[in-house]
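J.: First the structure, then my questions, so here it is.
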Amino acid sequence: MLYRLSYFTFFRAAKLKYKLIIEKIFDLFVNLNKKNMSKEEIKSLLHEGIENIDDNDFLLTIKELIDHKYQPTDSPRLAEWQKKRILESEKQIENGEFLTDEQADNLIDKWLKG
C-alpha cells in the first residue's frame, strides 16, 4: 500500500518544492488508514481532491506515485455479468428498444416532478 512507502522513496518521486504538500498527502494516507475508512470512501476523497488541483506538475507527481501501484491495461477487464449486460443492451438497441436523449430527459423530468 502507498502509505507503507518509506519517506525516502516517497520524496524521491516528488519534486523538492512539493515536499510539504507531499507530506500532507502522506499523512492523509496514514490517517485514512487509521480511521478504517472503506476503499470507496478513500477513493471518493482522493477523486475530489485531484479534481480540484490545477497544478500540472503536482498532478504529474501524483500520477507517478499511482503508477507504482497501478498499470492500466489495454482493454478493460469485465466481469461475466457485465459482458452479459452489454450483449443484452446491444440486442435491445438492434430491436429499437431504447430512448432518445429527449425521451430520457422527459422521463427523468417526470420522475423528479413526482
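J.: Looking at Leu65, Leu20, Leu59, Leu32, can you tell me which residue is modelled with pLDDT under 70, in contact with a helix residue (DSSP H, G or I) (Cβ under 8 Å, 6 or more places away or on another chain) and outside any loop (DSSP other than H, G, I, E, B)?
T.: After ruling out the rest, the residue left standing is Leu32.
J.: In the range 35-56, which residues are part of a helix (DSSP H, G or I) and basic (Lys, Arg)?
T.: Narrowing the range 35-56 to residues part of a helix (DSSP H, G or I): 39-51, 56.
If the condition is that a residue be part of a helix (DSSP H, G or I) and basic (Lys, Arg), then Lys39, Lys43 are the ones that fit.
J.: How many residues does the range 96-114 contain that are among the aromatic types (Phe, Trp, Tyr) and loosely packed, with under 11 Cβ neighbours inside 10 Å?
T.: Total satisfying the criteria: 1.
J.: I would also like to ask the following. With respect to Leu99, is the statement that it is outside the structural domain of Gly49 (by TED's automatic domain parsing), in a loop (DSSP other than H, G, I, E, B) and more than 30 Å from Phe26 (Cβ to Cβ) true?
T.: yes
J.: Sticking with this one: Kindly provide the set of residues from the range 56-95 that are surrounded by 10 or more Cβ atoms within 10 Å (Cβ to Cβ), closer than 20 Å to Lys43 by Cβ and charged (D, E, K, R), ordered by number.
T.: Correct list: Lys63, Glu64, Asp67.
The values are calculated or read from the model by the stated rules, or taken from the named source; none is laboratory data. Bear in mind that the values here come from a model prediction, so they are computed numbers and not experimental data. So basically every Cβ, Gly included, is an ideal-geometry build from the backbone, and we count neighbours across all protein chains shown.
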